[in-house]
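Since the structure comes first, as structure tokens, the remarks are kept for the end.
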Amino acid sequence: MPSKRLPDDQGSSLDLYQHPGHLLRRAQQISVSLFHDEMSGELTPVQYAILSRLADHPGIDQVSLAGLAAIDTSTGATVCARLEEKGLLLREVIPHNRRQRALTITPAGAGLLAALEPGAQRLRDRILAPLSAREQDVFMHLLAKLVNGNNEQSRAPLALPAASDDV
């Protein structure tokens, strides 16, 4: 692994490749590259996240959907507009709140998600391939713990929908 030393507050050097932020940035670069390899250029990673969350939450509003995908609301609105242009989702004004739009996935969007599922599984397998099965389990557990533990530090935190009072 490359070693690049950066000075710390005491004047000694920090190994860049021991800094979690740098390694997370590199992991993101690799993940996006592999995403484009496996997903045939049909969607961007953010478009895939939006469409996959929408498939599980039909009728959700754009703001809530952005929260479920952990992206900012302005990006969410832009992505939804692009997905609508592609015929993958429908946006309809919510009658009781005309500033918001209810979203539903179209049959074409659902079909595309189904077609991309094998690529998504290959993507997961390729990202985790350098790790043993046990290491994969530990890594995913720790990565989820890291992300969830720092969720509120994000500019676009994951926002799960409120539990419904309907039983």
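The values are calculated or read from the model by the stated rules, or taken from the named source; none is laboratory data. Nothing here was measured: the structure is a model prediction, and the numbers come from that model. Methodologically, a virtual Cβ is constructed for each residue, glycine included, from the backbone with ideal geometry; neighbour enumeration extends over all protein chains shown. For accessibility, only protein heavy atoms count, side chains too; no ligands or nucleic acids. Shrake-Rupley method; radii C 1.70, N 1.55, O 1.52, S 1.80 Å.
When region 65-76 is filtered for residues that are on the phi < 0 side of the Ramachandran plot and either among the small types (Gly, Ala, Ser) or open to solvent by 70 Å² or more (accessible area, probe 1.4 Å) (or both), the ones remaining, listed by number, are Ala66, Gly67, Ala69, Thr73, Ser74, Gly76.
Condition first: part of a helix (DSSP H, G or I) and open to solvent by 60 Å² or more (accessible area, probe 1.4 Å). Can you find one or more residues in region 154-163 that meet it? No: zero hits.
The set of residues in region 121-152 that are among the charged types (D, E, K, R) and surrounded by 10 or more Cβ atoms within 10 Å (Cβ to Cβ) comprises Arg122, Arg124, Asp125, Arg126, Glu135, Asp137, Lys145. Of all residues in region 28-64, those satisfying the criterion of being open to solvent by 50 Å² or more (accessible area, probe 1.4 Å) and over 14 Å from Ala110 (Cβ atoms) are Gln28, Gln29, Ile30, Ser33, His36, Asp37, Ser40, Gly41, Thr44, Val46, Val63. Count, please, the residues in region 103-120 that happen to be open to solvent by less than 60 Å² (accessible area, probe 1.4 Å) and without any contact (Cβ under 8 Å) to a residue 12 or more places away in the chain. So the count comes out to 1.
Within region 77-102, track down each residue that is open to solvent by 30 Å² or more (accessible area, probe 1.4 Å), touching a Lys or Arg at 6+ places or on another chain (Cβ under 8 Å) and within 13 Å of Asp61 (Cα to Cα). Across region 77-102, the qualifying residues are Arg91, Glu92, Val93, Arg101.
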